[in-house]
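The values are calculated or read from the model by the stated rules, or taken from the named source; none is laboratory data. Everything quoted here is computed from the prediction, not taken from an experiment. With ideal geometry, Cβ positions are generated from the backbone for all residues, glycine too; neighbour counts draw on all protein chains shown. Remember, those area values only see protein heavy atoms, side chains included, never the ligands or the DNA or RNA. Shrake-Rupley method; radii C 1.70, N 1.55, O 1.52, S 1.80 Å.
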Amino acid sequence: MIIKQLSIFVENKAGRMAEVTQILASNNIDIRALSIADTTDYGILRLIVNNPQKALDALKTASITVTLTGVIAIAIPDHPGGLARAIKVLSDRQISIEYMYAFLNPNNATAFVILRVEDNEKALQALQDGNIRIMKESEIYEI
Amino acid sequence: MQRYFQPEIETASREQLRELQSARLRDLVRRCYERVPFYKQKFDEMGLQPEDIRNIDDVYKLPFTCKTDLRDHFPYGLFAEPRENLIRIHASSGTTGKQTVVGYTQHDLDVWAESAARAIVAAGGTKSDFVHVSYGYGLFTGGLGLHDGAAKLGATVIPVSSGNTKRQVQILQDFQSDILCCTPSYAMFIGEMCAELGVDTAKIPLRAGIFGAEPWSENMRREIEKKLHIKAYDIYGLSEICGPGVAFECSEQSGMHINEDHFYPEIVDPDTGKPLPDGEYGELVFTCISKQALPLLRYRTRDICALIRKECSCGRTLVKMSKPHGRTDDMLIIRGINVFPSQVEHVLLQLQMEPNYQIVVDRAGNLDTMEVLIEMSDATFSDSVKNIAAKEQEISAALQQILNISAKVKLVEPKSLPRSEGKAVRVIDKRKL
């Protein structure tokens, strides 16, 4: 299952984050997870939200540069070695991770990890074969 | 010590100069009319006959020539000499549609060398000096202009060309350069490199510098003089007229003497084209009264300055021009290179990007810097920093290719830059001149 992540261009200047988050708030968008890739001049804000399409439209209307990126979400047990096992499944098949970020499931002792890889299909297959739990879109959006 | 390169001209009386100028102008006008169809057509349209120009005071009757005329007749359309008489070609920095090509006969090269030699002597140069030329050599007139000037004087040329600053410093020490010729910002940079390398500039022979090809301030002069432990002299020129040596500073260091026996200056109102009296600021216009290959009539330089006619302590009687205040058009001079905002537009369009951009020129550590702000677009954007960096690299490389100058590319929010409707602010020049 491919999850839709919002990737947003944010120039490094005062007030930009406030503007983006305000647009999401006024459109009743719930943020599930968030990460920022930062460079000296700009950042790429990556968001998992409850309604990616609606968020995309709202941001585009406000002339913000945004795109949807397909990522993978996996659930791993929240104990030592949980993440290591999942990553090994990918590295065993020479699948490299471009970036990843994680957040805890508030309901039980599971962590969710968002993975961005070059070839989603190949990664999904590897994870499946390795018995790693892959999250469905609905599961993530409706946490 | 030699005070003038050609005292008979440099200290000539006004009457002698006027006579020379008038004779040369009459000859020039006749050649332009007979050999350059562009001028013949202009004269005919204006109902002007070459005989109507009797002396130098009639110069105002002549038509103007603009940079666009050179471009419209690119490359050789305004030349007045057949190919077999051409000895050299130079070109102004630029690109498609912006470059201007200029040509020289042997006589033109001699005049230019003579003019540059006067500048070197005015800066205290003599036959026994080592003249270190750090202007770029090539189509750019800087390098070869000062090179030929130094050779004409009989000095010893060290043709280093620009770049490799550590080596420049090494040569200053090892070859014992007496006079340095380069752009003022590069002189600053060489001075900083000396400090960085622990070279005591008070202990090297270098005693004077001739700096031009870009505007610079009195503050910068003081800085350069302190850093390099020299006297710093301004030199003015543009390739359309010949190159560096059109005007030069003397020991007084206040305004540049124009070699008016070859380049007759006027100041006109940039809007109306009406001649302005001495002392008033306006657009500098030159008539190349002794030029053969590319004899331009009333060429509009777009430089804003004033003509100063008063006795100079150096003894020269040649009229002086003030340091140019600014330019009438949008051309930028960055590290001595001509940059037109439209060139950036050209690059963006070539890369199939929206031409929404802004150029920020600044001076960091006394070297000009250029940053190009470009709006991020869906086509440029990517989820990966790596891809965006690659795109920035691509734009930067394309700019370098066209502009001959490195520019930092910065991607900004869409719609955050002023639009081209009306007067878009395309350039922010933060250099304090």
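If you scan the stretch B:58-71, which residues turn out to be part of a helix (DSSP H, G or I), more than 24 Å from B:GLU19 (Cα to Cα) and either open to solvent by 20 Å² or more (accessible area, probe 1.4 Å) or touching a helix residue (DSSP H, G or I) at 6+ places or on another chain (Cβ under 9 Å) (or both)? Give the derivation first.
Taking the stretch B:58-71 and keeping what is part of a helix (DSSP H, G or I), we get B:58-61, B:67-71.
Next, from what is left, pick out any that are more than 24 Å from B:GLU19 (Cα to Cα): B:67-71.
B:THR68, B:ASP69, B:ARG71, listed by residue number.
Show me the helices (runs of 4 or more DSSP H) found entirely inside the stretch A:1-114 where at least 2 residues are within 14 Å of another protein chain (Cβ to nearest Cβ) and either touching a helix residue (DSSP H, G or I) at 6+ places or on another chain (Cβ under 7 Å) or touching a residue at least 40 places away in the same chain (Cβ under 8 Å) (or both).
On the way: elements: A:16-26, A:52-61, A:82-91.
Passing ranges, in order: A:16-26, A:52-61.
Suppose we keep only residues that are within 14 Å of another protein chain (Cβ to nearest Cβ) and assigned to a strand (DSSP E or B) within the stretch B:362-384. Which one would you say is surrounded by the fewest Cβ atoms within 10 Å (Cβ to Cβ)?
B:GLU371
Scanning the stretch B:348-361 for residues that are part of a helix (DSSP H, G or I) and touching a Pro at 6+ places or on another chain (Cβ under 9 Å), which turns out most open to solvent (accessible area, probe 1.4 Å)?
As a first pass, look at the stretch B:348-361 and keep what is part of a helix (DSSP H, G or I): B:348-350.
Still in the list and also touching a Pro at 6+ places or on another chain (Cβ under 9 Å): B:348-349.
Details: B:LEU348: 0, B:LEU349: 95 Å².
It comes out as B:LEU349.
Under 6 Å by Cβ, and 6 or more places apart or on different chains, what pairs join a residue from the stretch B:180-209 that is under 13 Å from B:THR165 (Cβ atoms) with one that is open to solvent by less than 30 Å² (accessible area, probe 1.4 Å) and among the charged types (D, E, K, R)?
Within 6 Å, the pairs are B:THR183/B:GLU214; B:SER185/B:ASP368.
So which residues in the stretch B:28-39 are within 13 Å of B:PRO295 (Cβ to Cβ) and open to solvent by 60 Å² or more (accessible area, probe 1.4 Å), if there are any at all? I'd like the intermediate steps shown before the answer.
Quick first cut of the stretch B:28-39, residues within 13 Å of B:PRO295 (Cβ to Cβ) only: B:28-36, B:38-39.
Matches in the stretch B:28-39: B:ARG30, B:GLU34, B:ARG35.
Exactly one of (1) crowded, with 17+ Cβ neighbours inside 10 Å; (2) over 18 Å from B:VAL59 (Cα atoms) is unmet by B:ARG309. Its number?
Here B:ARG309 meets the rest and fails (1).
Looking at B:ALA151, B:ALA195 in this structure, which one is touching a helix residue (DSSP H, G or I) at 6+ places or on another chain (Cβ under 9 Å), open to solvent by 70 Å² or more (accessible area, probe 1.4 Å) and part of a helix (DSSP H, G or I)?
The match here is B:ALA195.
Condition first: in the same structural domain as B:MET256 (by TED's automatic domain parsing) and farther than 21 Å from B:TYR236 by Cβ. Can you find one or more residues in the stretch B:140-153 that meet it?
First, the residues of the stretch B:140-153 that are in the same structural domain as B:MET256 (by TED's automatic domain parsing): B:140-153.
Filter again for farther than 21 Å from B:TYR236 by Cβ, leaving none.
No, every residue in the stretch B:140-153 fails to be in the same structural domain as B:MET256 (by TED's automatic domain parsing) and farther than 21 Å from B:TYR236 by Cβ.
For the stretch B:105-128, which positions are out of contact with any helix residue (DSSP H, G or I) (no Cβ under 6 Å at 6 or more places or on another chain), hydrophobic (A, V, I, L, M, F, W, C) and under 14 Å from B:GLY145 (Cα atoms)?
Hits for the stretch B:105-128 are B:LEU109, B:VAL111, B:TRP112, B:ALA119.
Out of the residues in the stretch B:296-346 that are part of a helix (DSSP H, G or I) and in contact with a helix residue (DSSP H, G or I) (Cβ under 9 Å, 6 or more places away or on another chain), which is nearest to B:ILE9 (Cα to Cα)? First the steps, then the outcome.
Narrowing the stretch B:296-346 to residues part of a helix (DSSP H, G or I): B:341-346.
If we keep only those that are in contact with a helix residue (DSSP H, G or I) (Cβ under 9 Å, 6 or more places away or on another chain) too, we end up with B:343-344, B:346.
Values: B:GLN343: 42, B:VAL344: 44, B:HIS346: 46 Å.
Per the stated criteria, the residue is B:GLN343.
Table: residues versus (1) surrounded by fewer than 20 Cβ atoms within 10 Å (Cβ to Cβ); (2) farther than 18 Å from B:GLY243 by Cα; (3) modelled with pLDDT under 95; (4) among the hydroxyl-bearing types (Ser, Thr, Tyr).
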| residue | (1), (2), (3), (4) |
| --- | --- |
| B:GLN99 | yes, no, yes, no |
| B:TRP112 | no, no, no, no |
| B:ASP129 | no, yes, no, no |
| B:TYR137 | yes, no, yes, yes |
| B:THR156 | yes, yes, no, yes |
| B:LEU172 | no, yes, no, no |
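Can you tell me which residue is farthest from the other protein chains (Cβ to nearest Cβ) among those in the stretch B:385-416 that are among the hydroxyl-bearing types (Ser, Thr, Tyr) and surrounded by fewer than 16 Cβ atoms within 10 Å (Cβ to Cβ)? Let's see the steps before the verdict.
The first filter runs over the stretch B:385-416 and keeps only residues among the hydroxyl-bearing types (Ser, Thr, Tyr), leaving B:396, B:406, B:416.
Pick out the ones that are also surrounded by fewer than 16 Cβ atoms within 10 Å (Cβ to Cβ) and you get B:406, B:416.
Details: B:SER406: 17, B:SER416: 7 Å.
Only one residue tops the list, namely B:SER406.
Suppose the filter is within 22 Å of B:SER382 (Cβ to Cβ), at pLDDT 95 or above and out of contact with any strand residue (DSSP E or B) (no Cβ under 9 Å at 6 or more places or on another chain); does A:ALA58 pass it?
Values: within 22 Å of B:SER382 (Cβ to Cβ): yes; at pLDDT 95 or above: yes; out of contact with any strand residue (DSSP E or B) (no Cβ under 9 Å at 6 or more places or on another chain): yes.
For A:ALA58, the condition - within 22 Å of B:SER382 (Cβ to Cβ), at pLDDT 95 or above and out of contact with any strand residue (DSSP E or B) (no Cβ under 9 Å at 6 or more places or on another chain) - is met.
Inspect the stretch B:72-81 for any residue being in a helix (DSSP H, G or I), out of contact with any strand residue (DSSP E or B) (no Cβ under 6 Å at 6 or more places or on another chain) and farther than 29 Å from B:LEU153 by Cβ and give the result as yes or no. First the steps, then the outcome.
To start, the set of residues in the stretch B:72-81 that are in a helix (DSSP H, G or I) comprises B:72.
Within this subset, residues satisfying the condition of being out of contact with any strand residue (DSSP E or B) (no Cβ under 6 Å at 6 or more places or on another chain) are B:72.
Those still in the list that are farther than 29 Å from B:LEU153 by Cβ too: B:72.
Yes, the stretch B:72-81 contains a residue that is in a helix (DSSP H, G or I), out of contact with any strand residue (DSSP E or B) (no Cβ under 6 Å at 6 or more places or on another chain) and farther than 29 Å from B:LEU153 by Cβ.
Please determine whether any residue of the stretch B:69-87 is at pLDDT below 95 and of a type in the set (S, T, N, Q).
no
Which one of B:ALA23, B:ALA12 is exposed (fewer than 15 other Cβ atoms within 10 Å of the Cβ) and among the hydrophobic types (A, V, I, L, M, F, W, C)? Full working, then the answer.
Working: B:ALA12 fails: exposed (fewer than 15 other Cβ atoms within 10 Å of the Cβ).
From the options B:ALA23, B:ALA12, the qualifying one is B:ALA23.
Only one residue in B:ILE359, B:ILE337 is at pLDDT 80 or above, more than 14 Å from chain A (Cβ to nearest Cβ) and under 19 Å from the mean Cα position of the chain (by Cα). Which one?
On the way: B:ILE359 fails: under 19 Å from the mean Cα position of the chain (by Cα).
Answer to the check: B:ILE337.
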